[in-house]
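In what follows, a structure is listed as structure tokens, so that the remarks can point back to it.
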Amino acid sequence: MFGSKGMEDAISKCLCSLSEQYRQLSFCIRARACGFQILAAYPGENELKEARQRSIEKALELLGEDGDLLPRTESEMRKKVRSMAAILNRQGTVNERKLNLLKCSDQLVTDVLQDKERIARDLQVVNIITAKQLEPVTIILKVENDQIVASSLA
């Protein structure tokens, strides 16, 4: 109420905690994506593979700008920062602290979105590799006197 340092410290601590929780969430989703990559390497179980991929993509949607989790976190952080006020601090000091906290909040959002995009790209790579594995392969063999003398892929 009198100074803004205590509130700045509390919000900063909350941002650090949120950052760690989002990092753990991203780590868990990445681990699931790695499991999916291993599953995708084996033939069969197409329904399981599709269900697993949809589940991971749904988890990623929560982390996106259009999801529920990240925008709500950002909105709540902005409300807390806007509510900062102090009787004993100059307005410039309060504004500087608010700006620093908003930068930290923005960095949290950026980090989460980057993690989300990396995982999504990795899933796309798995789909490309899987699709290539399913493409037919044509092998041209040159046979002379019942012996293969040359081969090539077409």
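The values are calculated or read from the model by the stated rules, or taken from the named source; none is laboratory data. Since this is a predicted model, take the numbers as computed values, not measurements. We place every Cβ from the backbone using ideal geometry, glycine too, and count neighbours over all the protein chains shown. We work out accessible area using only protein heavy atoms, side chains counted, and drop any ligands, DNA or RNA first. Shrake-Rupley method; radii C 1.70, N 1.55, O 1.52, S 1.80 Å.
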Task: Cross-chain or 6+ apart pairs with Cβ under 9 Å, the range 121-137 first and free of Cβ contacts under 8 Å to residues at least 40 places away in the same chain, then outside any helix (DSSP H, G or I) - done: Gln133/Ala41; Gln133/Pro43; Val137/Leu153; Val137/Ala154
Task: Within the range 42-65, tally of residues that are surrounded by 10 or more Cβ atoms within 10 Å (Cβ to Cβ) and outside any helix (DSSP H, G or I) - done: 3
Open item on the list: Every residue in the range 119-146 that is in a helix (DSSP H, G or I), open to solvent by 70 Å² or more (accessible area, probe 1.4 Å) and of a type in the set (D, E, K, R), please.
Closed with: Arg121, Lys132
Open item on the list: Being of a type in the set (Gly, Ala, Ser), in a helix (DSSP H, G or I) and open to solvent by 50 Å² or more (accessible area, probe 1.4 Å): is that true of Ala31 here?
Closed with: yes
- [ ] All but one of (1) closer than 30 Å to Gln133 by Cα; (2) part of a helix (DSSP H, G or I); (3) hydroxyl-bearing (Ser, Thr, Tyr) hold for Thr110, so report the exception by its number.
- [x] (1)
Open item on the list: Which residue is surrounded by the fewest Cβ atoms within 10 Å (Cβ to Cβ), if the candidates are limited to the range 78-102 and must be assigned to a loop (DSSP other than H, G, I, E, B) and among the aliphatic types (A, V, I, L, M)?
Closed with: Ile87
TODO: Determine whether Leu25 is without any contact (Cβ under 8 Å) to a residue 40 or more places away in the chain, closer than 30 Å to Met77 by Cα and touching a helix residue (DSSP H, G or I) at 6+ places or on another chain (Cβ under 8 Å).
DONE: yes
TODO: Mind listing whichever residues of the range 91-145 are modelled with pLDDT of 90 or more and small (Gly, Ala, Ser)?
DONE: Ser105, Ala120
TODO: Could you please find all residues in the range 56-83 being acidic (Asp, Glu) and in contact (Cβ under 8 Å) with a residue 60 or more places away in the chain?
DONE: Glu57
Task: Contacts under 6 angstrom Cβ, first residue in the range 84-101 being over 19 Å from Leu15 (Cβ atoms) and among the polar types (S, T, N, Q), partner open to solvent by less than 70 Å² (accessible area, probe 1.4 Å) and modelled with pLDDT under 80, 6 or more apart - done: Asn89/Gly3; Asn89/Ser4
TODO: Just need a number here: residues in the range 48-76 that are within 20 Å of the chain's Cα centre (by Cα) and closer than 17 Å to Leu18 by Cβ.
DONE: 13
- [ ] Report yes if some residue within the range 66-77 is touching a Ser or Thr at 6+ places or on another chain (Cβ under 7 Å), assigned to a helix (DSSP H, G or I) and either acidic (Asp, Glu) or closer than 30 Å to Asp9 by Cα (or both); otherwise report no.
- [x] yes
